[in-house]
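The values are calculated or read from the model by the stated rules, or taken from the named source; none is laboratory data. Please read all numbers here as calculations on a predicted model, not as lab measurements. We place every Cβ from the backbone using ideal geometry, glycine too, and count neighbours over all the protein chains shown. Note: accessible area is taken over every heavy atom of the protein model, side chains too, but ligands, DNA and RNA are not part of it. Shrake-Rupley method; radii C 1.70, N 1.55, O 1.52, S 1.80 Å.
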Amino acid sequence: MKKLINAAAEVVPEALRGMAAAHPELRVDVDNRVVVRGDAPVRGKVGLVSGGGSGHEPMHAGFVGPGMLDAACAGEVFTSPVPDQVVAATTAVDGGAGVLHIVKNYTGDVMNFEMAAELVAAESGTEVNAVVVDDDVAVQDSLYTAGRRGVGATVLLEKMAGAAAEQGRPLAGVTEVARTVNARARSMGLALTSCTVPAAGKPTFDLPENEMEVGIGIHGEPGRRRVPVAPAREIAEMLVEPVLGDLDFTGGDGVLAFVNGMGGTPLIELYLMYAEVVGVLEKAGVTVARSLVGSYMTSLEMAGCSVTLVRMDDDLLRLWDAPVRTPALRWGV
Amino acid sequence: MAQELGIPEFEGWIRAFAAAVAEHRDELTTLDSAIGDADHGTNMDRGMAAVVAALDGGPPADGAALFKLVGATLVSKVGGASGPLYGTFFLRLAGAGGSGPWDAGTVAKALRAGVEGVVARGKAEPGDKTMLDALLPACDALEAALAAGQPLADALGAAATAAVEGRDATKPLQARKGRASYLGERSIGHVDPGATSAALLVEAAATALVPAQG
């Protein structure tokens, strides 16, 4: 294992100390491992809290700021945050209009956020809604599993729900935007290499040089199947076709197309992939209205990518285009 | 005369479990890397080390307080699914066991309540390839042995055997809960890490929840 770390057990707090140093506009509580926007709580605004295991940077702390999240809770690497953290974050961003928890659909995340919501309900009058993101079409037979995982759509949902909250929409309205984005988003990912959890010290799974893993999640958990390495054009088809097969993306106001890097893939390959993805979409009669290309939801140093599509409408397009000022997403300001 | 358990035995159980988790930390993580996300050993070890540190600060007043401390510490320190599940187990155990000394019947009642807490929190069923596949057979065996008139030590021994058998029986199962479920058929052929740590918990109970003689 070659990593820029001091000690495996200290990776998360030491990275948070770096975020604090780099972004004085954020409040970083290294003890609670909570990152809060500097001006929180914003009076009268719905607070958005997300969180999850670390190792997916810039998600979630990199999305804290005006127009997106009010707070992010960082768990250990690939381990959900604990309820105390979520309670601390919820309290810190409660501006009197309620708080929305944005939770990726993983067993641990769902349970810890549920316990936190129970604690908040018992301790204060803060109104809390939760939206569970589950956009990963790689999970089949979701009745017999923990259900579809929350992957790329999380980033897009946090942006659009964040814009809705910034406009002053009430908790019900912000929740509705979040649920709409989740309902209209589908994703599929692929890994070229494994990743190494610092505390484990060795790759989570073995992937031979000539194979890739299709349908991966974001924690080094294996995917749907292993196939021989293929050209990008074929990979684009492997990722886009199951997405299009799951939801009708034709017509309407087009899609937001997101090609996300898993952490170990350079931007040059992501743009190459994006061109291939657009090619597959054109052939399928899908119009691209907006795009996002980059590594926004990573799996440590895993090489590979995911493709997320969201079926947009006027409202979502305006929310996507609205100003955002966070460490990782920043436009219009 | 009824044999009763108190703080020394309870503390012995928790410390024995912590030692077993520490000893098997890498094994738990290796099992988890096969069908999960390679953190079960490190997470449980971090949580149980925090529990031991809390106990070192001074023994709680009674069994209920002790197990509440264990549960709350695990919920705060472990994260993942294991934190809420083991945390809920001990919190429910504390509630059902109460603050008085425990006899064999209390042990069975408290364990059952703890396991029901795990069911409520995780919504898993027997055969889903989870920690319940070790815990449920252990509870059943404990209750059956006590009903047959066996002393607590023997009944807990039967529970430990059932937990270990339940753990091993997860190997051919296809996971339907947790991250392992995403693997579908590829989860078959691996022992479940949660059932493995749960078996350690019951084995620790069998060695430590033995009433003092005399």
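From the list B:18, B:34, the lone residue that is open to solvent by less than 20 Å² (accessible area, probe 1.4 Å), closer than 18 Å to residue B:196 by Cβ and in a helix (DSSP H, G or I) is B:18. For residue B:197, the stated conditions do not hold, so it cannot be described as more than 29 Å from residue B:10 (Cα to Cα) and open to solvent by less than 10 Å² (accessible area, probe 1.4 Å).
Is it the case that residue A:301 is surrounded by fewer than 18 Cβ atoms within 10 Å (Cβ to Cβ), within 30 Å of residue A:4 (Cα to Cα) and in contact (Cβ under 8 Å) with a residue 60 or more places away in the chain? Before the answer, list the steps.
Details: surrounded by fewer than 18 Cβ atoms within 10 Å (Cβ to Cβ): yes; within 30 Å of residue A:4 (Cα to Cα): yes; in contact (Cβ under 8 Å) with a residue 60 or more places away in the chain: yes.
Judged against the criteria, residue A:301 is a match.
The single condition among (1) open to solvent by 10 Å² or more (accessible area, probe 1.4 Å); (2) assigned to a loop (DSSP other than H, G, I, E, B) that residue A:67 does not meet is (1). In the condition set (1) crowded, with 21+ Cβ neighbours inside 10 Å; (2) modelled with pLDDT of 95 or more, residue A:149 is compliant with all but (2). Filtered by the rule that a residue be within 12 Å of chain A (Cβ to nearest Cβ) and part of a helix (DSSP H, G or I), the stretch B:156-214 gives B:179, B:180, B:181, B:182, B:183, B:184, B:185, B:186, B:187, B:194. Taking (1) crowded, with 19+ Cβ neighbours inside 10 Å; (2) out of contact with any helix residue (DSSP H, G or I) (no Cβ under 6 Å at 6 or more places or on another chain); (3) in a loop (DSSP other than H, G, I, E, B) in turn, residue A:221 satisfies each apart from (2). When A:153, A:164 are screened for being within 26 Å of residue A:259 (Cα to Cα) and within 14 Å of the chain's Cα centre (by Cα), only A:153 passes.
Going by what's in this entry, would residue A:295 be described as at pLDDT 95 or above, of a type in the set (Gly, Ala, Ser) and open to solvent by 30 Å² or more (accessible area, probe 1.4 Å)? Yes: the conditions hold for residue A:295.
Looking only at the stretch B:70-90, decide whether some residue is assigned to a loop (DSSP other than H, G, I, E, B), surrounded by fewer than 24 Cβ atoms within 10 Å (Cβ to Cβ) and free of Cβ contacts under 8 Å to residues at least 24 places away in the same chain. Let's see the steps before the verdict.
Start the filter on the stretch B:70-90 by keeping residues that are assigned to a loop (DSSP other than H, G, I, E, B), which leaves B:78-81.
Checking which are surrounded by fewer than 24 Cβ atoms within 10 Å (Cβ to Cβ) leaves us with none.
Taking every residue of the stretch B:70-90 in turn, none turns out to be assigned to a loop (DSSP other than H, G, I, E, B), surrounded by fewer than 24 Cβ atoms within 10 Å (Cβ to Cβ) and free of Cβ contacts under 8 Å to residues at least 24 places away in the same chain.
What strands (runs of 3 or more DSSP E), lying completely within the stretch A:19-59, carry at least 3 residues that are closer than 27 Å to residue A:173 by Cβ and either modelled with pLDDT of 95 or more or open to solvent by 40 Å² or more (accessible area, probe 1.4 Å) (or both)?
Values: elements: A:26-29, A:34-37, A:47-54.
Where strands (runs of 3 or more DSSP E) fall fully within the stretch A:19-59 and carry at least 3 residues being closer than 27 Å to residue A:173 by Cβ and either modelled with pLDDT of 95 or more or open to solvent by 40 Å² or more (accessible area, probe 1.4 Å) (or both), they are A:34-37, A:47-54.
If you go through the stretch B:38-61 one residue at a time, do you hit one that is more than 14 Å from residue B:194 (Cβ to Cβ), within 14 Å of chain A (Cβ to nearest Cβ), in contact with a Gly (Cβ under 8 Å, 6 or more places away or on another chain) and surrounded by fewer than 19 Cβ atoms within 10 Å (Cβ to Cβ)? No, the stretch B:38-61 contains no residue that is more than 14 Å from residue B:194 (Cβ to Cβ), within 14 Å of chain A (Cβ to nearest Cβ), in contact with a Gly (Cβ under 8 Å, 6 or more places away or on another chain) and surrounded by fewer than 19 Cβ atoms within 10 Å (Cβ to Cβ). Could you please find all residues in the stretch A:123-135 being touching a residue at least 24 places away in the same chain (Cβ under 8 Å) and either at the interface with chain B (Cβ under 9 Å from one of its Cβ atoms) or not β-branched (Val, Ile, Thr) (or both)? Correct list: A:123, A:124, A:127, A:129, A:130, A:134, A:135.
Residues being in contact with a His (Cβ under 9 Å, 6 or more places away or on another chain), of a type outside the set (A, V, I, L, M), more than 14 Å from every other protein chain (Cβ to nearest Cβ) and within 13 Å of residue A:155 (Cα to Cα) are represented in the stretch A:47-54 by at least one member. Check the stretch A:273-284 and report whether any residue there is part of a loop (DSSP other than H, G, I, E, B), open to solvent by 10 Å² or more (accessible area, probe 1.4 Å) and under 30 Å from residue A:165 (Cβ atoms). The answer is no; no qualifying residue exists. Restricting attention to the stretch A:70-100, the residues that are at the interface with chain B (Cβ under 10 Å from one of its Cβ atoms), in contact with a Leu (Cβ under 9 Å, 6 or more places away or on another chain) and either open to solvent by 30 Å² or more (accessible area, probe 1.4 Å) or in a loop (DSSP other than H, G, I, E, B) (or both) add up to 2.
Suppose we filter the stretch B:122-145 for residues that are assigned to a helix (DSSP H, G or I) and surrounded by fewer than 21 Cβ atoms within 10 Å (Cβ to Cβ); how many remain? Show your work before the answer.
So the first thing to find is which residues in the stretch B:122-145 are assigned to a helix (DSSP H, G or I), and the list is B:122, B:132-145.
Filter once more, keeping what is surrounded by fewer than 21 Cβ atoms within 10 Å (Cβ to Cβ): B:140, B:143-144.
Number satisfying all stated conditions: 3.
Looking at the stretch A:254-262, can you tell me whether even one residue there is part of a loop (DSSP other than H, G, I, E, B) and open to solvent by 10 Å² or more (accessible area, probe 1.4 Å)? Within the stretch A:254-262, none of the residues are part of a loop (DSSP other than H, G, I, E, B) and open to solvent by 10 Å² or more (accessible area, probe 1.4 Å).
The condition (being in contact with a helix residue (DSSP H, G or I) (Cβ under 9 Å, 6 or more places away or on another chain), within 14 Å of another protein chain (Cβ to nearest Cβ), open to solvent by less than 40 Å² (accessible area, probe 1.4 Å) and not β-branched (Val, Ile, Thr)) is satisfied by just one residue among A:232, A:200: A:200. Suppose the filter is open to solvent by less than 10 Å² (accessible area, probe 1.4 Å), within 22 Å of residue A:320 (Cα to Cα), assigned to a loop (DSSP other than H, G, I, E, B) and in contact with a strand residue (DSSP E or B) (Cβ under 8 Å, 6 or more places away or on another chain); does residue A:249 pass it? So residue A:249 passes the test.
Only one of B:113, B:94 is surrounded by 23 or more Cβ atoms within 10 Å (Cβ to Cβ), away from chain A (no Cβ under 11 Å) and without any contact (Cβ under 8 Å) to a residue 40 or more places away in the chain. Can you tell me which? Before the answer, list the steps.
Values: B:113 fails: surrounded by 23 or more Cβ atoms within 10 Å (Cβ to Cβ).
Criteria check complete, one pass: B:94.
One line per residue, one yes/no per condition, for (1) within 21 Å of the chain's Cα centre (by Cα); (2) modelled with pLDDT under 95; (3) among the β-branched types (Val, Ile, Thr):
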position: A:257; (1), (2), (3): yes, no, no
position: A:284; (1), (2), (3): no, no, no
position: A:301; (1), (2), (3): yes, no, no
position: A:304; (1), (2), (3): yes, no, no
position: A:307; (1), (2), (3): yes, no, yes
position: A:312; (1), (2), (3): yes, no, no
position: A:316; (1), (2), (3): yes, no, no
position: A:319; (1), (2), (3): yes, no, no
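Taking the criterion of being part of a loop (DSSP other than H, G, I, E, B) and away from chain B (no Cβ under 14 Å), the residues of the stretch A:136-171 that qualify are A:152, A:167, A:168, A:169, A:170.
Contact map, the stretch A:204-229: residues that are more than 8 Å from every other protein chain (Cβ to nearest Cβ) paired with residues that are among the basic types (Lys, Arg), Cβ distance under 7 Å, separation 6+ or inter-chain. Pairs shown: A:211/A:226; A:213/A:226; A:214/A:224; A:214/A:225; A:215/A:224; A:215/A:225.
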